[in-house]
Amino acid sequence: MILVKDSSYNDAQLFSFNGIVGFMSHKGKRAKVSQKEVDVLASFLDGKYTVKKSSIEIGDYIEVPVLKKQGRVEKIKGTSCWVQLANTGLSVSFSLG
(Lines give C-alpha, C1' and ligand atoms only; values in the text may rest on other atoms or scores of the structure.)
Protein backbone atom coordinates (compact mmCIF):
# COMPACT_ATOMS: atom_id res chain seq x y z
CA MET A 1 0.00 0.00 0.00
CA ILE A 2 1.26 3.41 -0.92
CA LEU A 3 -0.35 6.54 0.46
CA VAL A 4 0.08 9.73 -1.55
CA LYS A 5 -0.10 13.02 0.32
CA ASP A 6 0.88 15.30 -2.54
CA SER A 7 -2.06 15.76 -4.91
CA SER A 8 0.19 17.08 -7.68
CA TYR A 9 0.78 13.51 -8.95
CA ASN A 10 -1.39 12.46 -11.86
CA ASP A 11 -2.59 8.91 -12.50
CA ALA A 12 0.00 8.22 -15.20
CA GLN A 13 2.84 9.21 -12.85
CA LEU A 14 1.51 7.01 -10.05
CA PHE A 15 1.05 3.98 -12.29
CA SER A 16 4.61 4.38 -13.58
CA PHE A 17 5.86 3.05 -10.21
CA ASN A 18 6.46 -0.69 -10.21
CA GLY A 19 3.76 -2.61 -8.35
CA ILE A 20 0.99 0.01 -8.43
CA VAL A 21 -2.17 -1.75 -9.62
CA GLY A 22 -5.07 0.44 -8.55
CA PHE A 23 -6.58 2.86 -6.10
CA MET A 24 -8.45 2.13 -2.90
CA SER A 25 -12.04 3.22 -3.24
CA HIS A 26 -15.11 3.59 -1.10
CA LYS A 27 -18.59 3.78 -2.62
CA GLY A 28 -17.11 4.27 -6.07
CA LYS A 29 -14.85 7.19 -5.14
CA ARG A 30 -11.15 7.29 -4.31
CA ALA A 31 -10.63 6.68 -0.62
CA LYS A 32 -9.19 9.43 1.51
CA VAL A 33 -7.09 8.55 4.54
CA SER A 34 -6.70 10.88 7.52
CA GLN A 35 -3.37 11.50 9.23
CA LYS A 36 -4.77 9.73 12.32
CA GLU A 37 -5.47 6.62 10.22
CA VAL A 38 -1.95 6.79 8.76
CA ASP A 39 -0.50 6.98 12.30
CA VAL A 40 -2.57 3.96 13.40
CA LEU A 41 -1.44 1.95 10.37
CA ALA A 42 2.20 2.89 11.05
CA SER A 43 1.85 1.73 14.66
CA PHE A 44 0.39 -1.56 13.46
CA LEU A 45 3.27 -2.05 11.04
CA ASP A 46 5.73 -1.34 13.85
CA GLY A 47 4.13 -4.20 15.81
CA LYS A 48 3.30 -2.07 18.82
CA TYR A 49 -0.10 -3.63 19.47
CA THR A 50 -0.97 -7.06 20.81
CA VAL A 51 -4.15 -8.76 21.99
CA LYS A 52 -4.45 -11.31 24.78
CA LYS A 53 -5.07 -14.72 23.29
CA SER A 54 -7.99 -16.19 25.13
CA SER A 55 -10.66 -17.99 23.20
CA ILE A 56 -10.26 -16.32 19.80
CA GLU A 57 -10.97 -18.81 17.03
CA ILE A 58 -11.15 -18.72 13.24
CA GLY A 59 -14.56 -17.41 12.20
CA ASP A 60 -15.05 -15.25 15.30
CA TYR A 61 -16.01 -11.61 14.85
CA ILE A 62 -13.81 -9.37 16.97
CA GLU A 63 -12.92 -5.71 17.30
CA VAL A 64 -9.43 -5.13 15.93
CA PRO A 65 -7.32 -3.30 18.50
CA VAL A 66 -6.48 0.35 17.88
CA LEU A 67 -8.45 0.43 14.62
CA LYS A 68 -11.66 -0.14 16.60
CA LYS A 69 -13.15 -1.88 13.57
CA GLN A 70 -15.06 -5.15 13.50
CA GLY A 71 -13.73 -8.04 11.48
CA ARG A 72 -13.76 -11.80 11.04
CA VAL A 73 -10.79 -13.88 12.18
CA GLU A 74 -9.46 -15.54 9.03
CA LYS A 75 -6.26 -17.18 10.27
CA ILE A 76 -4.32 -17.79 13.46
CA LYS A 77 -0.75 -19.04 13.24
CA GLY A 78 1.45 -19.08 16.29
CA THR A 79 1.09 -15.67 17.88
CA SER A 80 -0.20 -13.96 14.72
CA CYS A 81 -3.86 -13.31 13.98
CA TRP A 82 -5.28 -12.18 10.61
CA VAL A 83 -8.66 -10.42 10.51
CA GLN A 84 -10.67 -9.37 7.46
CA LEU A 85 -12.25 -6.02 8.25
CA ALA A 86 -16.01 -5.89 7.79
CA ASN A 87 -17.27 -4.18 4.62
CA THR A 88 -13.78 -3.52 3.23
CA GLY A 89 -12.23 -6.78 2.05
CA LEU A 90 -8.99 -5.59 3.67
CA SER A 91 -7.10 -7.82 6.07
CA VAL A 92 -4.88 -6.80 8.97
CA SER A 93 -2.72 -8.84 11.27
CA PHE A 94 -1.55 -8.34 14.82
CA SER A 95 0.18 -10.28 17.58
CA LEU A 96 -1.61 -12.33 20.16
CA GLY A 97 -0.11 -12.11 23.63
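For first residues located in segment 63-77 and touching a residue at least 60 places away in the same chain (Cβ under 8 Å), partners that are surrounded by 15 or more Cβ atoms within 10 Å (Cβ to Cβ) and not basic (K, R) and lie 6+ apart or on another chain with Cβ distances below 6 Å do not occur. With (1) in a loop (DSSP other than H, G, I, E, B); (2) at pLDDT 75 or above; (3) within 13 Å of the chain's Cα centre (by Cα) as the list, and I56 as the residue in question, which single condition is left unmet? Of the numbered conditions (1) in a loop (DSSP other than H, G, I, E, B); (2) at pLDDT 75 or above; (3) within 13 Å of the chain's Cα centre (by Cα), the odd one out for I56 is (3). Applying the condition of being part of a loop (DSSP other than H, G, I, E, B), among the basic types (K, R) and within 15 Å of the chain's Cα centre (by Cα) to segment 9-52 and asking which residue is modelled with the lowest pLDDT yields K48.
Of the residues screened, D6 is one that is at pLDDT below 75 and more than 17 Å from the chain's Cα centre (by Cα).
Among the residues of segment 60-70, is any in contact with an Asp or Glu (Cβ under 8 Å, 6 or more places away or on another chain), more than 22 Å from I2 (Cβ to Cβ) and either modelled with pLDDT under 80 or surrounded by 13 or more Cβ atoms within 10 Å (Cβ to Cβ) (or both)? Outline the logic, then answer.
Let us first name the residues in segment 60-70 that are in contact with an Asp or Glu (Cβ under 8 Å, 6 or more places away or on another chain), namely 69-70.
Those left that are additionally more than 22 Å from I2 (Cβ to Cβ): 70.
Still in the list and also either modelled with pLDDT under 80 or surrounded by 13 or more Cβ atoms within 10 Å (Cβ to Cβ) (or both): 70.
Yes: one or more hits.
Checking each residue in segment 71-83 for being closer than 29 Å to G28 by Cα and either at pLDDT below 80 or surrounded by 16 or more Cβ atoms within 10 Å (Cβ to Cβ) (or both) picks out G71, V73, W82, V83.
The values are calculated or read from the model by the stated rules, or taken from the named source; none is laboratory data. Note that the structure is a prediction, hence the values are computed from the model and not measured. Note that we place each Cβ from the backbone using ideal geometry, even for glycine, and neighbour counts take in every protein chain shown.
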